[in-house]
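Report on the structure given below.
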Amino acid sequence: MPAGTPITTTTTIPPMAEAALLRLLAWLSPAFPTGGFAWSQAVEWAVEAGDISDEASLRCWLEDVLRYGAGRADAILLRHAHGAQGDAAALLDIAELACAVQPARERLAETVGQGNAFVLAASPWGADVIAGLGDLPYPVAVGALAGRHGIDADAACAGFLQASSANMISAAVRIVPLGQSAGLRVLAALEPVFLTVAAQTRNATLDDLGGACFRAGLAAMRHETQYTRLFRS
């Protein structure tokens, strides 16, 4: 081969892995109609209170939520729903628990509202199988459908955490305000956290649900009476 000749390599993705990736990307895309743009997961109150005021404080807030709050809890719930797909009774128990652990009325409305919207929007992928189960919190709905399609639980978990964080970053970009570049830097910086939380919850049981992110829980409660609001949570 002459010197300087470019070498081309081809990587073949197994058909099932390729289909799983496409489905996961579609379901967790900001364009997927779950209504996420209307919710901020209490980021709006945190901005008004001064807890989030710049790029650094946004990153700290989100990392705490991921490691010690809703992020970790949602990861555990998603994993158990993933393993329980096909077992209606088990999924209902997980959904009931997912509702019970929400710290505030708005957070309950957020997770149930997005979960139900996800099931409705995912009907082309056979989500009608879980549609008859009633209200399904968002991580439970995503986990159950991902399990039904044989999507890797680790990938679904990390992807869900990233998508949830991206939605909160989008809210902060608009209301702090921050530039888009700052928001993207925060998202990139959190990548190791997504993977760490996904790994740490791999063998977690439902008894491991809980958290210590009390400020985020208080923010969710106080947002209900916030005078000026752009978001529903």
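The values are calculated or read from the model by the stated rules, or taken from the named source; none is laboratory data. The structure displayed is predicted, hence computed values, not measured ones. Reconstructed Cβ throughout: ideal geometry from the backbone, glycine too, with neighbour counts over all protein chains shown.
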Discussion item. Restricting to the range 202-217, and then to whatever is among the aliphatic types (A, V, I, L, M) and in a loop (DSSP other than H, G, I, E, B), can you tell me which residue is modelled with the highest pLDDT?
Written reply: 204
Worksheet item: Can you find a residue in the range 82-94 that is at positive phi, assigned to a loop (DSSP other than H, G, I, E, B) and at pLDDT below 95?
Response: yes
Fill in: Inter-residue pairs, beta-carbon under 7 Å, first aromatic (Phe, Trp, Tyr) and in the range 127-147, second modelled with pLDDT of 90 or more and surrounded by fewer than 18 Cβ atoms within 10 Å (Cβ to Cβ), 6+ apart
none
Worksheet item: Mind checking whether some residue in the range 174-192 is surrounded by 17 or more Cβ atoms within 10 Å (Cβ to Cβ), touching a Gly at 6+ places or on another chain (Cβ under 9 Å) and under 28 Å from residue 83 (Cβ atoms)?
Response: no
Worksheet entry | Residue among 66, 62, 22 that is exposed (fewer than 11 other Cβ atoms within 10 Å of the Cβ) and either at pLDDT 95 or above or not basic (Lys, Arg) (or both) | 22
Item to complete: Please state which one of 66, 78, 62 is touching a residue at least 40 places away in the same chain (Cβ under 8 Å), in contact with a Pro (Cβ under 6 Å, 6 or more places away or on another chain) and not in a loop (DSSP other than H, G, I, E, B).
Response: 78
Worksheet item: What number of residues within the range 111-126 satisfy the criterion of being touching a helix residue (DSSP H, G or I) at 6+ places or on another chain (Cβ under 8 Å) and either in a helix (DSSP H, G or I) or in contact (Cβ under 8 Å) with a residue 60 or more places away in the chain (or both)?
Response: 11
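Table: residues versus (1) surrounded by 24 or more Cβ atoms within 10 Å (Cβ to Cβ); (2) under 17 Å from residue 26 (Cα atoms).
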| position | (1), (2) |
| --- | --- |
| 96 | no, no |
| 103 | no, no |
| 120 | no, yes |
| 124 | no, yes |
| 138 | yes, yes |
| 146 | yes, yes |
| 155 | no, yes |
Item to complete: Could you tell me whether residue 129 is β-branched (Val, Ile, Thr), surrounded by fewer than 24 Cβ atoms within 10 Å (Cβ to Cβ) and closer than 16 Å to residue 39 by Cβ?
Response: no
